[in-house]
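The values are calculated or read from the model by the stated rules, or taken from the named source; none is laboratory data. Only a predicted model underlies this, so the values are computations on that prediction, with no experimental measurement involved. A quick note on method: Cβ atoms are made from the backbone with ideal geometry, for glycine too, and the neighbour counts reach across all protein chains shown.
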Amino acid sequence: MTQPLASADPTRVISVAGSWLGTPYHDQASLRGVGCDCLGLARGVWREVVGPEPFPIPPYSRDWGETGPREVLAEGAGRMMIEVEPAAAGPGALVLFRMKPRAIAKHVGILTGPDTFLHAYERLGVIEEPLTPSWRRRIAFAFLFPQR
């Protein structure tokens, strides 16, 4: 019988994520201060908080309107993180956004407070911004980083 995963300290997750602020946007990259996209930000936080990435990330499209039968990003996160109900997600949680109705979840952010989150956005890089009602209603999945 396997033990349930314990979650990482949310204060540490937020601190590490905050160290990525200002990193320029670069599609499919994951290097703090050099370039990353939203998934690259999550991957970089994982490496520092949890350890080496458990599997290579295959190339992916940037199409936020992509539809399909599988939530590929959520399935991958579910294999290595602790899934929680989006409404129960607090600071330090990784959230997956569905950017268009009926599209699969393709954007990632990390909650930094009850009403703020950090993410990598094209042309802006890694920024922290308010979790407005329009952002909040797009949250489709939420996960906690596991302890190292």
Query raised in the report: Across region 117-144, what is the number of residues that are under 16 Å from residue 93 (Cβ atoms) and touching an Asp or Glu at 6+ places or on another chain (Cβ under 6 Å)?
Result: 3
Report summary line: Result of the Cβ filter at 9 Å on region 70-87, keeping first residues that are surrounded by 10 or more Cβ atoms within 10 Å (Cβ to Cβ) and partners that are assigned to a helix (DSSP H, G or I) and among the aliphatic types (A, V, I, L, M), at least 6 apart or interchain, is 73/39; 77/42; 83/74; 83/77
Report summary line: All-but-one check, residue 106 against (1) of a type outside the set (A, V, I, L, M); (2) surrounded by 19 or more Cβ atoms within 10 Å (Cβ to Cβ); (3) at pLDDT 95 or above, failing number (3)
Requested in this report: Quick one: residue 22 ticks every box in (1) more than 15 Å from residue 119 (Cβ to Cβ); (2) over 16 Å from the mean Cα position of the chain (by Cα); (3) at pLDDT 95 or above except a single one, so which number is it?
Outcome: (1)
Query raised in the report: Within region 18-62, can you find the residues that are touching a strand residue (DSSP E or B) at 6+ places or on another chain (Cβ under 9 Å), in a helix (DSSP H, G or I) and either surrounded by fewer than 14 Cβ atoms within 10 Å (Cβ to Cβ) or of a type in the set (D, E, K, R) (or both)?
Result: 43, 47
Query - Sole residue being closer than 24 Å to residue 134 by Cα and touching a helix residue (DSSP H, G or I) at 6+ places or on another chain (Cβ under 6 Å), chosen from 87, 74, 105, 93 - result: 105
